[in-house]
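The values are calculated or read from the model by the stated rules, or taken from the named source; none is laboratory data. Worth saying up front: this structure is predicted, and the values here are computed from it rather than measured. Neighbour counts run over all protein chains shown; Cβ positions are idealised from the backbone, glycine included.
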Amino acid sequence: MNGTNEILEELRSLSPSVAAISRQVPYVVPEGYFTNFPALALGRVVDWKDSKSLTYSVPEGYFDGLAEGILARIKGGAGADGDPVSAILARIGRVTPYQAPEGFFGELSPLLAVIRDKTPYAVPEGYFETFPAVVTARTEQMVARDTGKGKVVSLGNRVRRSAGWMKYSAAAVVAGLIFTVGWLRWHQPPGSGSKSPAEIANNLSKVSDAELQNFLTDQDTTLAQPLLNVSNSTATIDVNDTDLKTLLGDVPDGELKQYMEEHGGASDIATN
Amino acid sequence: MTIQDTELLLQFRNPDTKEKGFTAIIRKYQEKLYWHIRRMVVEHEDANDVLQNVFIRVWNGLENFREDSQLYTWLYRIATNECLSYMEQQKRKAAVSFDEVESGLTNKIVADKHFDPNKLEWKLQMAIQQLPEKQRVVFTLRYYDEMPYEEMSRVLDTSEGALKASYHHAVKKIEDYILNH
């Protein structure tokens, strides 16, 4: 082998004592071992092949046309309501044989017990009716693409297209929101939030005295308390004669005299 | 790839001459691989088991063998991996029985009916068994099989620099062992 000297030189430079040791391996091989080994190894390979082939077997010709058969059944809508993919599975059904102990969910959480059977998600109407057809179409596309006939749509394009659709949807929602809020504000009747005293008085004139009396009787308990509080309050208004003259300056003397005659206490009120 | 190896592969790939080609490959490489394995696992029975497993792997993989690497390198790679797997199994067994693989290998050397503690060759074998697995492989490939670093890097999937360092450490440890035992 090339490089023997190079390897020996390297070893001498690293360790002269190790380089001085004979490279003779002291182990011994049983006599005739290498003569018999090829037959032994070949025997092992044959045994191994046999042990592999004996494990399981399939009926003759099982794999011939298996792929085509499966594809044909997928195209034919297998797995939908019609022809089932597996007759055995179809017979067993989808009922899960496991059961939770009675009241388990109720003890765990009363809320969960109420909501466990209600799925909050919804699917578009008719989704499951059209789904097999969609899958079949996709399968056909894939088959066509694999055979080089179909149009190859890159993942990037799909993502970009769906992102654009989302963008336009979001913009439409925001625009709709702005329009609705604006329309509601502009078409609100003037003063709908609060009524003027004149309007209240006008409306009250349409209400009969009996109705008003009933209302006040009903509200008696609620009105009495605030009034009581007012009468008990210590707040007072200091009004002197000058202020009173200023306040009643525009009222004719005749009207004041008439008021005093009707209500009494005329001596307390100064005239203009 | 040598011309002879190419011919052997052609024979193997032909269903009519497959077994003949395989037998020829075994004959050509069995001794080299046997000694590579034996120096690692010490006992003949273990080496025999590992070597048989190596050739079963060769039978399975030879159909897909790409001829951009040498058959010789590929065989060494399989043999080395099979050795390491075997030793890993031994380690797991040793862990169960609270034993140690290194001392187990040393015991196997001592138990060999040809063992002579005064002979340097045996002392060297004892020293090799003290090395960590990777250094043991590197040392035996370089020292006994005279494998160039370039080829060894293909067998062990390790850079030449790392292999040189590994070999250097291994030689120093062996020297230490021999001088102190």
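Taking the range A:6-25 on its own, how many of its residues are more than 7 Å from every other protein chain (Cβ to nearest Cβ) and part of a loop (DSSP other than H, G, I, E, B)?
1
Can you tell me which residue in the range B:115-137 is surrounded by the fewest Cβ atoms within 10 Å (Cβ to Cβ), limited to those that are free of Cβ contacts under 8 Å to residues at least 24 places away in the same chain and facing chain A (nearest Cβ under 9 Å)?
Here the answer is B:ASP116.
Could you look through the range A:26-45, keep only residues that are facing chain B (nearest Cβ under 9 Å) and β-branched (Val, Ile, Thr), and pick out the one that is surrounded by the most Cβ atoms within 10 Å (Cβ to Cβ)?
Result: A:VAL45.
Can you tell me how many residues within the range B:23-40 are at the interface with chain A (Cβ under 7 Å from one of its Cβ atoms), over 21 Å from B:VAL110 (Cα atoms) and touching a residue at least 12 places away in the same chain (Cβ under 8 Å)? Don't jump to the end; show me each part of the working.
First, pick out the residues of the range B:23-40 that are at the interface with chain A (Cβ under 7 Å from one of its Cβ atoms): B:23, B:26-27, B:30-31, B:35, B:38-39.
In the following step, the residues that additionally are over 21 Å from B:VAL110 (Cα atoms) were identified as B:23, B:26-27, B:30-31.
From what's left, touching a residue at least 12 places away in the same chain (Cβ under 8 Å): B:26, B:30.
Looking only at that region, the number is 2.
Return yes or no: is B:TYR76 at pLDDT 90 or above, more than 9 Å from chain A (Cβ to nearest Cβ) and part of a helix (DSSP H, G or I)?
Taking the combined requirement at face value, the residue satisfies it.
Name the single residue that is farthest from the chain's Cα centre (by Cα) among those in the range B:152-172 being crowded, with 18+ Cβ neighbours inside 10 Å and within 11 Å of another protein chain (Cβ to nearest Cβ).
B:VAL171
Counting only residues that are of a type in the set (A, V, I, L, M, F, W, C) and touching a helix residue (DSSP H, G or I) at 6+ places or on another chain (Cβ under 6 Å), which one in the range B:105-114 is farthest from the other protein chains (Cβ to nearest Cβ)?
Checking each candidate, the answer is B:LEU105.
For the condition more than 10 Å from chain A (Cβ to nearest Cβ) and either touching a Leu at 6+ places or on another chain (Cβ under 8 Å) or within 28 Å of B:HIS114 (Cα to Cα) (or both), what is the one hit in B:GLU63, B:GLU67, B:GLU43, B:GLU7?
The conditions single out B:GLU67.
Quick one: in the range B:31-86, which of the residues that are surrounded by fewer than 20 Cβ atoms within 10 Å (Cβ to Cβ) and basic (Lys, Arg) is farthest from the chain's Cα centre (by Cα)?
This residue is B:ARG66.
What's the number of the condition B:THR140 fails, among (1) at the interface with chain A (Cβ under 10 Å from one of its Cβ atoms); (2) more than 17 Å from B:ARG77 (Cβ to Cβ); (3) outside any loop (DSSP other than H, G, I, E, B)?
Going through (1) at the interface with chain A (Cβ under 10 Å from one of its Cβ atoms); (2) more than 17 Å from B:ARG77 (Cβ to Cβ); (3) outside any loop (DSSP other than H, G, I, E, B) one by one, B:THR140 breaks only (2).
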